[in-house]
Structures are given as structure tokens and as C-alpha cells.
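The values are calculated or read from the model by the stated rules, or taken from the named source; none is laboratory data. Computed from a predicted model, the values in this text were never measured in an experiment. We place every Cβ from the backbone using ideal geometry, glycine too, and count neighbours over all the protein chains shown. Please note that ligands, DNA and RNA were not included when accessible areas were found on the heavy atoms of the full protein model with its side chains. Shrake-Rupley method; radii C 1.70, N 1.55, O 1.52, S 1.80 Å.
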Amino acid sequence: HPSSLLVSRFSTALDLPQRAAAGAYTQSTMALSARLVVLALSLFPRQSAGFQPRSWVQSPTAPRTAPRVVRHVEIGESVSTQGDELSNGLRSELSEVVREIQHELSERDLDDDTFQIVEGYPFQTYQKDGRAFPLVITPSASFDDSVPMDAWVAAHKETLLQLSLSHGAVLLRGFPVPDAEAFGRSCEGLDLAMTTMEGSAAPRTNIYKDIVFTSNEAPPSEKIPFHHEMAQTAHPPNYVLFFCETPAATGGETPIILSEEVAEYLEVNHPGLANDLETHGVKYQRTMPADDDPESPIGKGWRSTFNVQTEEELEVAIQGSGYESWEWQPNGDLKTVTVAQPSLAFDPRTGRTLFFNAVVAAYVGWEDSRNDPKKSVVLGNGVALDDAVMMDVDRFMTERRVAFPWEANDVLLIDNRVAMHSRNTFERPRRVLASLWGARAGRQPSIPYLNVRGGAGSADSADVVATDPYAELVLRSGDRMPTVGLGLWKVPNDATADTVVNALKLGYRHLDCACDYGNEAEVGEGIKRAIAEGVIGSRGDIWVTSKLWNTYHAAEHVPMAMEKSLEDLGLDYVDLYLIHFPIALKFVPFEERYPPEWVYDPDAAEPRMEYARVSMQETWEAMEKLADNGKARNIGLCNVNTQGLRDLLNYARIPPAVLQVERHAYLQQSNLLRMCEEEGIAVTGFSPLGSSSYVELDMATKSDSALDEPIVAAVAAKYDKSPAQVLLRWGVQTGASVIPKSVKQNRLIENLDIFGFSLSDEDIEKLSSLEKGRRFNDPGDFTQGMNSFCPIYD
């Protein structure tokens with residue numbers, strides 16, 4: 001048992017056998033030793049209700065092929081202050097043991113060979129891009145059954161969520177999930193936000209902690225048509241998980257289909273309806289009984305739907321819940337009509353169009369003594385749906401569905417935006433449970449950052465940004481990254497903290513940092529001051545990006561580099577961690593030189609770069625562990641071309657969220673941008689104003705500046721903006737975020753004030769005509785000054 005390590009080490013530190021034999025125990029020492037044993041034993045078992053694991057690590061005593069899991073605990077303080085009778089020497093000794101153990105554990109992690117992706121099941125289908133649907137994951141030979149499933153899920157949460165986004169659905173088969181409680185704890189391990197069941201049409205029974213429910217209590221003879229869970233409500237869940245406790249005697253599958261596949265079929269075969277759905281959305285009409293009707297697939301009553309008892313309470317609760325109207329029926333039923341809901345939607349995480357709704361489920365399946373399915377859904381403008389078209393869409397979905405037979409202990413994770421599900425009829429016994437969840441926990445759904453148009457912090461400036469469609473980029477994780485950030489490259493150390501505080505006062509909420517910039521400690525000081533002075537409310541109000549330097553690409557060095565940046569920044573996590581260059585250099589210890597820069601030995605007769613034989617795959621797999629353990633909420637890379645990106649996508653479990661590259665009017669990288677758009681990867685353009693940062697480095701001349709282009713001047717005059725503002729607006733309006741750098745107050749204001757106006761298509765085209773293919777930041781050029789030659793773009 002992993003706790004035996006701690007018990008053994010504490011026992012040694014306390015010298016328990018000798019002290020016991022000599023009768024040297026005091027009351028406080030005995031109490032402390034008992035407390036330590038209990039504490040050690042508590043590190044491995046079931047989690048207490050509501051506990052969110054901070055990080056999970058492999059036990060030092062476990063063989064590499066059979067990882068065991070314990071969690072970090074903050075015990076140094078509690079150990080060192082127990083009991084006045086405990087001697088200072090023993091107290092110090094115990095604290096040192098705790099520090100040693102925590103340090104030892106912090107350098108371990110769960111192996112990624114505890115699971116395997118299995119293909120070839122007869123029920124799996126494959127998409128045009130090779131994605132298996134559903135993706136099937138099983139334990140590998142090295143999986144340790146004594147590891148609680150919730151711990152394993154917590155250690156791989158980002159991997160599982162990203163795979164569900166990429167594939168639509170992930171089937172976990174053969175894992176130790178024996179019952180509803182284990183399923184519920186496993187769901188909690190994903191660290192997702194709780195979601196409300198308000199508006200759900202299906203009757204459900206709570207099984208465990210209000211997070212595990214019966215999936216649908218409709219009779220076995222009732223087929224549940226395809227739908228996105230609770231898509232008829234104002235706040236549908238982001239993720240749906242199913243758990244098979246008991247498979248059906250026959251039937252009872254949970255068929256699934258990719259929503260984008262249905263959207264594509266609709267657009268090709270029924271473009272009229274596709275246009276109507278996109279333009280108007282749909283309204284759902286349903287009559288609810290007062291109490292749940294177990295004989296109806298949509299029989300959830302209004303009392304349980306809105307958690308009320310009386311009609312008066314209902315009329316209060318239904319306000320602002322996404323209903324356009326409601327009407328009491330003579331028998332106490334409630335007839336409701338929702339506001340228009342999107343039904344053909346754009347997924348900003350991937351750029352795909354989705355058939356996101358419950359239209360087919362309502363039109364085909366919302367039938368009971370109170371409801372006529374053909375009247376249960378209409379277009380948002382009140383026009384009825386075409387029956388023949390709806391039947392054809394239902395037929396297509398039935399033909400294309402994937403229906404796998406449930407096995408006991410199966411868990412199915414569905415991204416509720418990407419895949420739809422249904423239920424086949426069955427013969428009892430069958431018990432399939434469900435758990436519904438929102439977005440990833442730990443951040444606000446959007447990041448408030450204020451434009452300076454009306455003055456920092458003003459209400460109208462917030463409205464300007466909030467209504468601008470280019471103010472944020474939605475990443476694969478669902479996190480929202482502000483499109484204008486403060487670049488911190490070349491900001492002097494003695495000016496960095498003040499610059500950060502000032503920028504945050506002006507409204508910046510995105511800081512772009514890197515180990516190589518050599519000023520992360522000062523950035524951290526600025527963040528700390530901004531919080532203390534009330535400039536920002538908390539760490540969660542800002543977006544912080546950092547980057548892995550070239551000398552730390554080896555798997556064992558990636559987490560060290562991450563921890564060093566976090567220590568300097570004074571943070572527990574970064575929002576985005578990027579591989580700075582696709583260049584692996586020989587490791588330089590922190591104590592020898594930090595940041596280590598490009599050359600291995602600056603004091604050598606001929607200082608030069610020295611390479612390390614580390615593949616990008618090794619580095620990326622180490623980056624994925626940072627995403628799984630929460631140190632980096634998103635991961636990505638910089639300075640990679642299309643082929644390097646495509647190669648990485650072939651093995652990435654967690655695809656890059658962001659690619660940061662040099663991008664400005666002279667180097668627009670259109671093909672790279674198009675590929676990223678197709679793969680759901682956001683792009684950040686550094687040096688968005690071109691040559692200005694490179695003139696003093698002799699990597700550009702003043703004549704290389706796009707700011708002096710007559711076209712730029714003409715467009716700027718048209719909008720009453722500066723040349724810099726129209727170039728930055730061009731950057732975000734053509735699909736990227738930008739990170740201009742400045743320490744000057746007027747430039748900081750100017751660079752952020754690019755919202756509230758929009759460049760016309762004609763002006764976008766004029767600015768795009770400035771393309772020259774001019775790259776300023778090219779290792780193939782500047783490394784030659786380091787007695788080296790390192791081209792990466794050729």
C-alpha cells in the first residue's frame with residue numbers, strides 16, 4: 001500500500017520502536033504518531049465528498065509497470081506544530097522527512113502505458129480524417145487494479161476530455177468501475193463544473209450525491225430518438241457520461257452519431273431547412289404534468305423540473321429560465337414554449353458546424369397523452385417543420401448510427417456538443433446510469449478585460465469589448481483567450497513589474513511570458529502587486545502564457561522547467577504553456593545558468609549551440625502530462641511549420657490548443673493559418689507590427705516597417721485610427737490573437753484600443769496585399785552568429 005512508505009518513513013523519523021521500548025512516549029508524541037498513521041492511510045483511499053484532487057503522482061515504491069497513486073498534501077505545517085511537548089529537534093526532523101517525501105513524490109507521475117487505444121471493434125466507424133468513433137480505451141497489462149478509478153481519471157482528465165472532443169465519444173471498457181459510487185467519483189475526477197438538471201424532459205432518479213442519475217426511466221418499449229442532452233434548455237451540459245451497471249437481456253444499446261455528420265447531410269440534401277435552422281433556430285413546446293410520469297419518456301413534472309411545490313413558486317422559478325411563455329392547464333399541467341434555441345451551430349473550439357439540438361427527438365419522440373410530437377418543435381419564427389424532410393433526417397441518423405452492445409462496467413464519455421445519443425428498446429434487466437457536467441472547473445466562462453475607450457474600468461468600455469466578436473478566441477478546452485495580449489519579450493527587468501501593473505490597470509488581461517525572456521520573476525511580482533492593489537480581483541482574472549525553452553525538451557526536464565516558471569511567476573498554473581522552438585538543445589542546470597539562452601558554453605573559445613537527441617514526440621508527451629495534472633490548462637507550440645504540425649497531430653493525445661508564430665502584414669502565413677483553422681488550433685501572432693523589435697538587433701532595418709506603408713496610412717485615416725491600430729485589428733480580424741510589446745503608456749493604450757470598429761472586407765484585402773514573405777525571427781539566420789546553423793522553416 002502506498003501509505004506504507006509514509007508510515008515507514010515517519011516511524012523511522014520518530015524512532016518509534018526504540019522509544020516504545022524505553023517508555024519514552026509522551027502523550028503528544030503518541031497522539032502525533034497516531035495522527036501521522038491516519039494521515040498516511042488517508043492519502044490513498046476514497047476521496048471525501050467534494051474533495052478535488054490537486055495533483056496525482058506515482059508512489060516511489062511502485063514498480064514502473066504497475067504505478068500506484070497517492071496525492072500531495074500540505075502536511076509540513078501541521079506536522080511541525082503538533083504538541084508543545086514535542087522537542088524542537090524532533091519537530092524539525094519530522095518536517096524534513098515530510099519535505100523529502102513531498103519532493104520525491106513531486107518528481108513522479110503516472111505512466112501513460114496504463115491504458116491502450118483499441119481499434120477494430122465491429123461497431124466502430126472511421127471519419128474522413130481517420131478518427132475512430134467511438135474511441136475505445138482499455139487498461140493495458142501494466143494497469144494496477146488497486147489504483148482507484150477516480151485517481152486514474154484525475155491523472156488523465158485533460159487527455160480524456162480532449163479525446164472526447166476529437167472523437168465525439170470515448171468508451172472506457174474493462175476498467176474497475178464496480179458500482180454507481182465508483183462511477184460518480186470517477187466523474188468527479190474530471191474536475192468539471194456542476195450543471196443543473198433544470199429543463200430536462202426525462203424522469204430521473206438520483207442514485208449518488210446528485211451527480212449520478214438513472215439515464216431515462218421511460219418504459220423499455222419506448223425508443224429514445226437522437227438528441228443532444230437537454231439541448232432544448234438554456235444551459236445544456238457540456239459532457240454526458242453513461243455507466244452500464246447491468247446490460248440488457250437484449251437490445252438497450254445507446255446509439256451515437258457525430259453531430260457534424262448530420263449537419264453536413266442536412267446542408268447538402270436539405271439546404272432550405274439548414275438555412276432556416278441557422279437563421280431562426282427552433283422553439284420547443286411541451287406540456288408537463290405536475291408530478292413525474294414514469295410511463296412517458298418526457299414525463300418529468302414541473303415540480304421536479306423547477307424544484308418547486310406550488311404554482312406560485314413555479315411562476316417565480318420559471319422567470320429567466322429560457323421560456324418564452326407558459327400556460328396553466330385546467331388539470332394542473334403546465335404548457336411551455338421555449339425561446340428560440342440554436343439548432344445549427346458553429347463550434348468555436350474546432351470550427352465545425354454542428355446539428356446541435358433536440359429537434360429530431362422532439363419531432364419523433366416527444367409523444368405521450370399530453371404532447372403531439374409533430375407540434376413539439378417549430379422554427380423560431382413559428383413556421384412548422386417539413387414532415388418529409390424531418391423523416392429523411394431521422395432515417396439518415398438511424399442508418400449512420402453506431403450502436404455498440406453494453407458490457408458491465410462500461411463507461412461512455414460524450415462531448416455533448418460533438419455527438420448525439422439515443423436509446424434502443426430492450427428487455428430487462430438493464431441499468432444504465434448517467435452523469436451530466438458543465439465546462440472545466442477553475443476558471444470563469446469568459447475573461448473580463450476592459451478597453452480604454454471610456455477609461456479603464458468603465459462600463460461602456462466593457463460593453464465595447466464584450467460585443468466585439470474578435471475580442472476572444474475559444475480554445476479546444478473551452479477556455480477563452482483574449483485576442484490582445486501584452487508581449488513581454490525584451491521588456492527590461494527593472495521595468496517589467498511596473499509595466500505589468502500598469503497594463504493590467506489599463507485593461508490588459510493577457511500576459512505573454514517565457515523562460516527565455518528572463519523576466520518571469522518580475523512578471524510575477526507585477527501580478528502579485530496588481531492583486532494586492534485591487535487592480536484585478538484574483539489570479540483567475542488574467543490569462544498567463546509561458547514557454548518551454550530549448551534546453552528542457554527531455555521528458556524529465558519538462559516538468560522541472562514548468563515548476564521553475566511557476567515559481568518565478570508565483571502561480572499554481574499557467575493558462576497556456578508553449579514549446580518555444582522545435583529545437584532540442586543540451587540541458588543546462590538551473591544553478592549553472594538561467595535562463596540558459598542559445599549557446600551551451602558562453603565561455604568557450606567558440607561558443608555554439610549543442611543539440612540534444614530528443615524527439616518532439618517525447619517533449620509533447622511530457623507537455624500532455626502538464627495538461628493532465630493541471631499545471632498548464634492548455635498546451636501548444638511556437639515556430640512550427642505545417643509539416644511539423646501535421647506530424648505532431650499524428651501522435652498527440654491532446655492536440656495543440658495554440659500555435660504561436662511570427663505573423664504580420666509582411667508575413668501572413670495564410671496556409672498555416674488555414675491548416676490551424678481546419679484542425680481547431682488557435683493562432684497567436686508575435687511581432688504583429690513587423691520589424692520594430694528587430695531593428696536594434698540588426699535583424700531588420702527601419703525601412704522594413706509596415707507602419708510606414710501608404711496603404712496602412714490610408715486605411716488608418718479612414719477609421720481615424722493609428723497605423724499600429726489598423727495593423728493589429730487586421731491581425732485579429734483575420735483570425736489570430738496578437739501580442740504587441742511596449743512599456744510606454746500611450747502605446748499600451750493604443751495597442752489595446754482596437755475594438756469597437758471593424759475593417760471592411762475591402763480594407764482587409766488592401767492590407768493583405770502587403771504580403772512579402774518577410775521573416776524577421778529566423779534561427780536559420782541568427783544562429784549563424786553563434787557558430788551554428790539551425791534552419792527550421794526550410
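List of remarks:
- Gained length - Ser768 relative to Asn331, 0.36 nm times residue gap less alpha-carbon distance: 150.8 nm
- Whole-percent carbon and sulfur share, accessible surface of segment 529-671, 1.4 Å: 45 percent
- Residue list for segment 299-317, given a label point 7 angstrom along the Cα-to-Cβ vector of Thr196 and an amide N cut-off under 18 Å: 300-317
- Note on Asp647 and Ser221: their simple-model spin labels are 6.2 nm apart, each label 7 Å out from Cα toward Cβ.
- The magnitude of the dipole of segment 702-794, with charges of +1 and -1 set on the Cβ of Lys/Arg and Asp/Glu and taken from the Cα centre, is near 340 debye.
- Taking a straight line from the alpha carbon of Lys718, these lysines sit under 23 Å away, with near neighbours fewer than eight places off in the same chain left out: Lys766.
- Residues with amide H under 5 Å from that of Ser742, placed H, sequence gap 5 or more: Gly487
- Taking only protein heavy atoms and a 1.4 Å probe, the accessible area of segment 148-204 is 53% carbon and sulfur.
- Taking the square roots of five times each eigenvalue of the Cα gyration tensor of segment 554-599, the equivalent ellipsoid has semi-axes of 19, 14, 10 Å, listed largest first.
- Put simply, the amide H of Thr287, placed in the peptide plane, has neighbours under 5 Å in Thr336, leaving out anything fewer than 5 places away on its chain.
- Calculated on the Cα set of segment 635-794, radius of gyration then Dmax: 16.4, 49 Å.
- One decimal place: the segment Ile711-Asp603 gains 34.1 nm when fully extended, by the rule 0.36 nm per residue minus the C-alpha distance.
- Pairs from the list Lys631/Lys741; Lys157/Lys505; Lys157/Lys223; Lys300/Lys375 with a Cα-Cα gap above 29 Å: Lys157/Lys505; Lys157/Lys223.
- Those lysines that a straight Cα-Cα span of less than 21 Å connects to Lys772, excepting residues fewer than 8 apart in one chain: Lys702
- Extension reserve of the Thr279-Asn787 stretch, reckoned as 0.36 nm per residue once the Cα distance is removed: 176.8 nm
- Whole-Hz couplings from phi, Karplus 6.51/-1.76/1.60, listed for segment 622-637; x for Gly and Pro: 5, 5, 4, 5, 5, 5, 5, 8, x, 5, 10, 5, 9, 10, x, 8
- Modelled FRET efficiency - R0 22 Å, Val118 with Ser146, Cβ distances, 0.05 increments: 0.45
- For Ala384 and Glu533, the FRET efficiency from 1/(1 + (r/R0)^6), where r spans their Cβ atoms and R0 equals 60 Å, is about 0.55.
- Distances between placed amide hydrogens fall under 5 Å for Thr684 paired with Leu659, Gln660, Val661, Ser737, all partners being 5 or more residues away or on another chain.
- Converting phi to 3J(HN,Hα) with the Karplus coefficients 6.51, -1.76 and 1.60 and the offset θ = phi - 60°, segment 680-696 yields x, 10, 6, 10, 10, x, 8, 6, x, 9, x, 7, 4, 7, 10, 4, 5 Hz in sequence order, with x at every glycine or proline.
- For segment 105-213, the Cβ-based charge dipole about the Cα centre amounts to some 520 debye (Lys, Arg positive; Asp, Glu negative; other atoms uncharged).
- Dipole of segment 657-794, positive end: most advanced residue of Gln745, Gln725, Gly773 [Cβ charges, Cα centre]: Gln745
- Surface analysis of segment 467-584 yields an accessible area of 29 Å² per residue, using protein heavy atoms and a 1.4 Å probe.
- Of the GluC sites (Glu not before Pro) found in segment 565-610, those in coil by DSSP whose Cβ has at most 11 other Cβ atoms within 10 Å are Glu591, Glu592.
- Of the GluC sites (Glu not before Pro) found in segment 718-794, those in coil by DSSP whose Cβ has at most 14 other Cβ atoms within 10 Å are Glu771.
- Calculated log₁₀ intensity ratio I(q)/I(0) where the Debye formula runs over C-alpha points of segment 458-596, q = 0.12, 0.17 Å⁻¹: -0.51, -0.95
- Using C-alpha pairs below 8 Å separated by at least 6 residues, the relative contact order for segment 555-627 is 37 percent.
- Residue-normalised accessible area of segment 149-213, given per residue in Å² at a 1.4 Å probe: 24 Å²
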